[in-house]
Amino acid sequence: MGERLVLVRNLRKSFSEPILDGVSLEVRAGEVVGLIGPNGTGKSTLVKILAGVENPDSGEVFVKNPSVLYQEDYLLPWKRLRDNVCLPARFRGKECRLEYVERLDLENYLDLYPKEVSGGTRRKASLLRSLLMDFDVLILDEPFTGLDTRSKEELLSIIRELANSGKGVLVVSHQLEELFKIADRVYLIGGRPAKIKKVLGRGESGKGAL
């Protein structure tokens, strides 16, 4: 098995009420791992904990050099899409190589501002920015939202290629169909507070599991 890039053990998190209750999962190099569950089960809270934006109440969390796509686009409205997606490279003093631009159908939008493009295009720009980061593990929160069918298929292909190159990928979603095409392992999360209900290997069906 590849190097462990994400390790979560017995993680608990509460705000005004318990959100996550004893959640455990892992991602290794070369894997695509899914986390699937209904809306409101704390998936985005878990992503923010993995990104270091939120702190857990208890439990063990280890993440090696992540790049994170949040549900929110977080594009700077006063900068063109090109400048938004190149921010990570320029922050590191490196050349911005716009890989994946054509595959995500963004080449005609890079000189526009976020307010001048559709929500789907803004989503793809945010996705491109996360892909251009220097990372060991890519964490994607609802990456298929707002994407057309062609872009979804292209993203699935990119994710698999990243895993084949030795990266780890964690895809958090409530959409079963796309993720079950590529995931090596899928954690099903549910309940309030949320727990891992089941772990499925490739080829297993999650229908009716939550």
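The values are calculated or read from the model by the stated rules, or taken from the named source; none is laboratory data. Since the structure is predicted, the reported quantities are computational estimates derived from the model, not experimental observations. All Cβ positions, glycine included, derive from the backbone under ideal geometry; neighbour counts span all protein chains shown.
Consider residue 197 against the criteria (1) in contact with a helix residue (DSSP H, G or I) (Cβ under 9 Å, 6 or more places away or on another chain); (2) over 19 Å from residue 97 (Cα atoms); (3) at pLDDT 90 or above: it satisfies all of them except one. Which criterion is unmet?
Just one mismatch for residue 197, condition (1).
Determine, yes or no, whether residue 109 is outside the structural domain of residue 27 (by TED's automatic domain parsing) and touching a Ser or Thr at 6+ places or on another chain (Cβ under 9 Å).
For residue 109, the condition - outside the structural domain of residue 27 (by TED's automatic domain parsing) and touching a Ser or Thr at 6+ places or on another chain (Cβ under 9 Å) - is met.
Being on the phi > 0 side of the Ramachandran plot and either out of contact with any His (no Cβ under 9 Å at 6 or more places or on another chain) or not basic (Lys, Arg) (or both) is the requirement here; does residue 142 meet it?
Yes: the conditions hold for residue 142.
Name the residue, out of 117, 27, 33, that is more than 23 Å from residue 172 (Cβ to Cβ), at pLDDT 95 or above and either outside the structural domain of residue 196 (by TED's automatic domain parsing) or buried (at least 20 other Cβ atoms within 10 Å of the Cβ) (or both).
Sole residue among the options that is more than 23 Å from residue 172 (Cβ to Cβ), at pLDDT 95 or above and either outside the structural domain of residue 196 (by TED's automatic domain parsing) or buried (at least 20 other Cβ atoms within 10 Å of the Cβ) (or both): 117.
If a residue has to be within 20 Å of residue 38 (Cβ to Cβ) and crowded, with 19+ Cβ neighbours inside 10 Å to count, how many in segment 130-149 make the cut?
Within segment 130-149, residues that are within 20 Å of residue 38 (Cβ to Cβ) and crowded, with 19+ Cβ neighbours inside 10 Å number 6.
How about segment 70-81: which of its residues are free of Cβ contacts under 8 Å to residues at least 40 places away in the same chain and surrounded by 17 or more Cβ atoms within 10 Å (Cβ to Cβ)?
80
Each row is one residue, and each column tells you yes or no for (1) over 15 Å from the mean Cα position of the chain (by Cα); (2) within 18 Å of residue 27 (Cα to Cα); (3) acidic (Asp, Glu).
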residue: 111; (1), (2), (3): yes, no, yes
residue: 119; (1), (2), (3): yes, no, no
residue: 127; (1), (2), (3): no, no, no
residue: 137; (1), (2), (3): no, yes, no
residue: 166; (1), (2), (3): yes, yes, no
residue: 177; (1), (2), (3): yes, no, yes
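Check residue 124 against each of (1) touching a residue at least 40 places away in the same chain (Cβ under 8 Å); (2) crowded, with 20+ Cβ neighbours inside 10 Å; (3) closer than 23 Å to residue 45 by Cα and name the one condition it does not meet.
Exception for residue 124: condition (1).
With the checklist (1) modelled with pLDDT of 90 or more; (2) touching a Lys or Arg at 6+ places or on another chain (Cβ under 8 Å) in hand, flag the one item residue 162 doesn't pass.
Single failed check for residue 162: (2).
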